[in-house]
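First the structure, in the form of structure tokens, and then the observations on it.
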Amino acid sequence: MATVVHGVSERPSTGPAPAGTARVVDLDHAATTPPRPEALAAAAPFRGERYGNPSGTHALARDAVRALDEAREQVAGVLGRSPGEIVFTPGGTESDVHAVSGGLPARPGVPVCPATEHHAVLDTVRVLDGRVVAVDRFGRVDLGALAGVLDELAAARASGDGPGAGVVSVMLANNELGTTNDLQAVAEVVGRHAPGVPLHTDAVQAAAWLDLAVTAAPADLVTLSGHKFGGPRGSGVLVVGRGVALRPLLHGGGQERGRRSGSVAVAGAVGLSAALVATATERPLIVEAVARRRDDLLRGLTERIDGLVPTVPADPGVGVLANFAHVTVPGVDAEPLLYLIDRGGVRASAASSCSSGALQPSHVLEAIGRVGGGVPGAPLRLTRGRTTSDADVRHAVGVIADAVERLRTHRPAGRA
């Protein structure tokens with residue numbers, strides 16, 4: 001039977017363990033989270049007998065419409081928005097692309113984002129010939145650099161040499177480091193240097209850990225992804241603030257008030273809303289417990305592993321999500337380290353989970369100077385969740401420390 005620690009259920013992380021491993025610890029919650037029972041229960045009827053298409057007019061369709069309307073109201077309530085601002089999507093990537101591009105055809109103007117954005121934003125900005133802004137050593141947007149870019153674009157527009165800025169996109173919390181941006185400060189820069197330009201934020205990582213009704217309030221457009229807080233995979237939200245011009249990215253049916261065509265996945269929307277409400281209700285207690293376990297994990301790893309370097313030092317002036325710990329382990333390579341700790345029953349990652357799974361150089365670490373002349377060694381992103389227990393943390397410290405010792409002991413001569 002599970003015990004309770006600080007009001008949070010104390011149980012091992014669930015999921016299949018590697019062969020020969022008695023325990024599995026999931027420290028990759030930034031990639032995805034286990035579905036909440038509330039989400040599973042809420043979505044289940046709409047995967048079965050309540051299968052109506054909300055675009056229809058008969059009783060079964062009207063049942064789907066009522067469920068969708070209720071889900072929209074619940075999401076809006078948690079986010080401090082009106083239901084009419086909530087657009088249901090299949091996930092964070094589409095929401096990001098829609099917000100940054102402005103739909104099809106793309107909105108006039110140059111899109112702007114920091115160098116540490118999720119690839120859904122960063123790659124869209126680049127495809128649209130946008131501008132990428134420098135960040136500080138913690139991965140946060142450099143407000144001075146942002147102001148400079150917006151001034152350049154405004155000057156080009158005034159002289160007839162360019163269209164000016166079209167959108168600014170700054171994520172609320174970084175998906176590799178967990179560091180947060182002050183969106184109020186960002187919005188003030190945009191308001192001074194590019195008045196009238198919409199501000200978008202990718203709040204995918206932040207949704208489980210921050211009150212978005214407060215922290216994301218300055219943004220005109222907000223992206224969420226259900227599976228990052230216990231909702232169904234394949235469900236997402238794009239908040240479209242009142243007065244924000246947005247063409248549909250997908251044309252054809254006129255659903256979601258003409259902003260996204262295609263039959264809405266009612267089960268996904270209902271499951272997402274249930275997960276979001278449960279997350280918001282539990283957040284204060286969960287955040288406190290998870291932050292304590294994050295600190296215990298970092299303390300244990302630092303004590304056991306010589307030379308361990310936290311990527312974001314403990315600094316009260318730097319906001320970091322409660323579940324994030326990002327470190328560099330000198331003297332080892334990431335691929336064999338991840339292999340060994342996975343064999344020991346610990347799930348972790350070296351970077352974000354937005355590619356095929358192959359280990360690629362992190363654009364985030366490169367942007368903050370940790371790649372190419374920065375701190376050498378294996379990067380580790382260790383992210384806990386609401387189900388992570390104290391015992392999980394102790395087990396993970398042991399497995400990771402033992403793996404590092406094994407790799408260092410068998411390191412080829414001459415390797416740094």
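Readers should treat all values here as calculations from the given coordinates under stated rules, not as data from a laboratory. This one's a predicted model, so the numbers in the text were calculated from it and none came from an experiment. Please note: Cβ atoms are built from the backbone with ideal geometry, for glycine as well, and neighbour counts cover all protein chains shown.
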Sorted by mean Cβ packing within 10 Å, highest first, what order do the peptides 230-241, 128-139 take?
230-241, 128-139
Whole-number D in µm² s⁻¹ for the chain, Kirkwood Cα-pair radius fed into Stokes-Einstein, 37 °C, 0.692 mPa s:
147 µm²/s
Show me the ranking of peptides 269-281, 144-156, 382-394 by mean Cβ neighbours inside 10 Å, starting with the highest.
269-281, 382-394, 144-156
In the chain, helical segments from DSSP H whose Cα atoms cover 20 Å or more along their own axis and that average at least 0.0 on the Kyte-Doolittle scale are 59-79, 143-158, 266-304, 390-409
For segment 39-277, would you read off the P(r) tail past 29 Å as a percentage of all alpha carbon pairs?
27 percent
proj_area_mean for segment 115-227 (convex hull on C-alpha atoms), units nm², value 6.8 nm²
Can you give the relative contact order of the chain as a percent, counting alpha carbon pairs under 8 Å and 6+ residues apart?
23 percent
How large is the helix-only mean residue ellipticity at 222 nm for the chain, computed as the sum of -39500 (n - 2.57) over DSSP H runs with n ≥ 4, divided by its residue count, in deg cm²/dmol to the nearest 500?
-11500 deg cm²/dmol
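Which percent, nearest 5, of DSSP beta bridges in the chain are antiparallel?
On the way: 24 of 38 bridges.
DSSP beta bridges in the chain are roughly 65 percent antiparallel.
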Sort 302, 328, 57 so that the residue with the fewest other Cβ atoms within 10 Å of its own Cβ comes first and the one with the most comes last.
57, 302, 328
Counting pairs of alpha carbon atoms under 8 Å apart in space and at least six apart in sequence, what relative contact order in percent does segment 39-277 give?
27 percent
